[in-house]
Amino acid sequence: MTTTGRRALLVAGAAAGAAALAGCGSPSDGGTPPPSAAEREAQREAERVARAEAALRQRAVASARGLLERYDATLAAHPALAPRLTPLRRSVAAHAAALGEGGTTVAPAPDSAKASAAPPATSSTTPPATATTPAGPAPLPVPADPRAALKELAAAARTAADGHTAALLTAPPEYARLLASVAAAGAAHAYLLTEGARA
């Protein structure tokens, strides 16, 4: 075959290859078609569900951490209550961490984790020091009477438990089980705190 013939063959092959590539890129010839209306709607629905679940988790964590702040404020105002409140506070700190991670680790609540480690490590004077250290809004008001403070803390625990219970209706199954567990613990804490206030 002559050089000219070889060159013509190469040019023809290149043209055929380019045409084939152009055909592959066309949606009508087997390329990736655009998503259908149903697929787009399903994607939008999945995004809505994800946003709703994220908002639910944020509310649950905010509720648990708000209760934790209430424990800290009560301990700061009434150090003598530390033997009674420290175990419950530690449990609430664990709940806040679990709700933030879907029940796996305590990473999303570093402030709560640090605070929960401090009270049991030393005497009853330690929790007030750690409770007032974090920067932020002014400390929560706490009744001067210890029994009234316990009643207020019990009411806060009950409110948090009720909120977690209400969230069960829209929570995904795994997170709903965690919420139910935390709500049950919160109700038990409210009872124990109420009994403590009567003592």
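What follows is calculated from the coordinates using simple rules that are stated; it is not laboratory data. The structure presented is a predicted model; accordingly, all values stated were derived computationally and were not measured. Positions of Cβ are backbone-derived with ideal geometry, glycine not excepted, and every protein chain shown enters the neighbour counts.
Hey, with R₀ at 30 Å, roughly what FRET efficiency would ARG40 and THR170 work out to, going by the Cβ-Cβ distance, to 0.05? My answer for the efficiency is 0.80. Along the Cα-to-C-beta direction of ARG147, a point sits 7 Å from the Cα; which residues of the range 57-93 have their amide N less than 11 Å from that point? The answer is none. Straightening the chain between ALA80 and ALA55 buys 5.2 nm, computed as 0.36 nm per residue apart minus the Cα-Cα spacing.
Each label point was placed 7 Å from the Cα along the Cα-to-Cβ direction; for ALA180 and GLU101 their separation is 2.3 nm.
Can you compute the FRET efficiency between GLU47 and ALA155 using 1/(1 + (r/R0)^6), with r the Cβ-Cβ distance and R0 = 41 Å? Round to the nearest 0.05. According to the calculation, E is roughly 0.65.
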